[in-house]
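Report on one structure; see the data block that follows.
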Amino acid sequence: MKFNFFKQKSFFSKFPAISTPPLVVGLSLITLAPFAIAVTSPKTQLISQRSNPQRVEINLVSYAVTKAAYQEIIPQFVAKWKREKKQDVVIRESYGGSGSQTRAVIDGLPADVVALALALDTNKIQDAGLINPGWEKEAPNNSIVTRSVVALETRAGNPKKINTWSDLSKPGVKIVTANPKTSGGARWNFLALWGAVTKNGGTDAQAKTFVSRVFQNVVVLPKDARESSDAFYKKQQGDVLLNYENEVILAAQQGKTDVSYTIPATNISIEGPVTVVDKNVDKRGTREVSEAFVKFLFTPEAQREFAKVGFRPVNPTVAREVQSKFPKISRLYTIGNFGGWDAVQKKFFADGAIFDQIQGSRR
């Protein structure tokens, strides 16, 4: 199914930079230039509700492709909080690869809210003692705030006629995808390939055979999604890139690519979770505003902004509003259909598991 989506309207050197977006004073917006925080003590730099009841700062740590949406969502929340609470709020933003952001938070980046590419990363922060167990139940929709699916992005005009999952196993097709051992996005790609067989009546043995054939056609296996995109676009490697649908849509909106891509009708629901970082918000006295921000992300106002940059809305009202703008998926499955991330990690991506076996057969 081919589809065109038209335009619509660091702490310490090891941490990603946290920038400050427009700040609300009263009801007016004053734009401040983004800046990196380079201090030795978060306590002296960050403002909490306890130290200044008229103004509060929180840190949002997210993965790179959500930035365009949050830049529209944050001013709306800031204005809403000011109207309702008579308090100015500054939301500092940090964006990067989901795995890198996860490590930064565990290493001390003082995130109040984390919005990551997969629940596996959120669980790692929980395992580090920063997020309380049961975080999934603390926000609507089991705390899944964005959805997407896997797209097959091809060269202009799709000269190799790559339209379905099965086309990826044909001789002569050159594929670019990141390494699922190091990339969260690539894990979604791998599971989409596996599910293309098992969710259509095939067995695990048949799925392994198919995915092995596909990986025989992989010409480059970068460490993350950003390097995959660079290999495909900048280095002109491969005939097809396995990518998030929302990444393809946003790139087209920004004029970086044409819109030659296909959405297979059997697909996996790529689910991005959001939650507060309990240890940090309790320490800094920012729980109330952090939880309010998380809940705001599920409102129609915020979900419309996610939809504009290519995410499939989780809010039912907005999903109905934009349903004609996204290709329909006839078989959509979730990570739960694989038994959850712990089961997936053990079965597919642990040392010596299925992915390593497939890689071993390529050598």
| request: Of the conditions (1) farther than 17 Å from VAL65 by Cα; (2) part of a loop (DSSP other than H, G, I, E, B); (3) touching a Ser or Thr at 6+ places or on another chain (Cβ under 9 Å), ALA207 clears all except one; give me its number. | output: (2)
| query | Within segment 132-156, how many residues are assigned to a helix (DSSP H, G or I) and either of a type outside the set (A, V, I, L, M, F, W, C) or more than 18 Å from the chain's Cα centre (by Cα) (or both)? | reply | 7
| request: Kindly provide the set of residues from segment 305-363 that are over 22 Å from ALA119 (Cβ atoms) and among the basic types (Lys, Arg), ordered by number. | output: LYS308, ARG320, LYS325, LYS328, ARG362, ARG363
| note | The condition of being modelled with pLDDT of 95 or more, among the β-branched types (Val, Ile, Thr) and open to solvent by 40 Å² or more (accessible area, probe 1.4 Å) holds, among THR266, THR317, THR299, THR286, only for THR317
| said: Cβ contacts < 7 Å: first residue under 13 Å from ILE249 (Cβ atoms), restricted to segment 298-312; second residue open to solvent by 10 Å² or more (accessible area, probe 1.4 Å) and in a helix (DSSP H, G or I), any location; separation 6+ or different chain. Result? | reply: ALA307/VAL322; VAL309/ALA68; VAL309/LEU250; GLY310/LEU250
| task | Please identify the pairs in which a residue from segment 144-165 that is more than 8 Å from THR262 (Cβ to Cβ) and among the polar types (S, T, N, Q) has its Cβ atom under 9 Å from the Cβ atom of a residue that is open to solvent by 10 Å² or more (accessible area, probe 1.4 Å) and assigned to a loop (DSSP other than H, G, I, E, B), counting only partners at least 6 apart or on another chain. | result | THR146/PRO313; THR146/VAL314
| task | Please go through segment 67-118 and pick out each residue that is within 23 Å of ASN142 (Cα to Cα), out of contact with any Asp or Glu (no Cβ under 7 Å at 6 or more places or on another chain), of a type outside the set (Lys, Arg) and part of a helix (DSSP H, G or I). | result | ILE74, PHE77, GLN101, VAL105, ILE106
| task | Report, by residue number, each residue of segment 269-283 that is in a strand (DSSP E or B) and within 14 Å of the chain's Cα centre (by Cα). | result | ILE270, GLU271, GLY272, PRO273, VAL274, THR275
| said: Given the condition part of a helix (DSSP H, G or I), within 17 Å of the chain's Cα centre (by Cα), buried (at least 23 other Cβ atoms within 10 Å of the Cβ) and of a type in the set (Asp, Glu), answer yes or no: does some residue in segment 236-246 qualify? | reply: yes
| remark: The number of residues in segment 119-131 that are open to solvent by 10 Å² or more (accessible area, probe 1.4 Å), closer than 16 Å to SER143 by Cα and either among the hydrophobic types (A, V, I, L, M, F, W, C) or part of a loop (DSSP other than H, G, I, E, B) (or both) is 2
| In this structure, does GLY201 turn out to be assigned to a loop (DSSP other than H, G, I, E, B), open to solvent by 20 Å² or more (accessible area, probe 1.4 Å) and at pLDDT 95 or above? | yes
| query | Of all residues in segment 210-227, how many are at pLDDT 90 or above and either touching a Gly at 6+ places or on another chain (Cβ under 9 Å) or hydrophobic (A, V, I, L, M, F, W, C) (or both)? | reply | 9
| said: Residue under question is VAL150, and the condition is that it be within 30 Å of GLY108 (Cα to Cα), surrounded by 23 or more Cβ atoms within 10 Å (Cβ to Cβ) and either modelled with pLDDT under 95 or of a type in the set (A, V, I, L, M) (or both); does it hold? | reply: no
| Of residues in segment 63-72 being of a type outside the set (D, E, K, R) and surrounded by fewer than 24 Cβ atoms within 10 Å (Cβ to Cβ), the one modelled with the lowest pLDDT | ALA64
| query | Restricting segment 213-235 to residues that are β-branched (Val, Ile, Thr) and either over 27 Å from GLY336 (Cα atoms) or touching a Lys or Arg at 6+ places or on another chain (Cβ under 9 Å) (or both), which is most open to solvent (accessible area, probe 1.4 Å)? | reply | VAL219
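The values are calculated or read from the model by the stated rules, or taken from the named source; none is laboratory data. Here the structure is a predicted model, which means the values were calculated and not measured. Cβ coordinates were reconstructed from backbone atoms using ideal geometry, including for glycine residues, and neighbour counts include every protein chain displayed. Areas reflect the complete protein model, heavy atoms only, side chains present, ligands, DNA and RNA absent. Shrake-Rupley method; radii C 1.70, N 1.55, O 1.52, S 1.80 Å.
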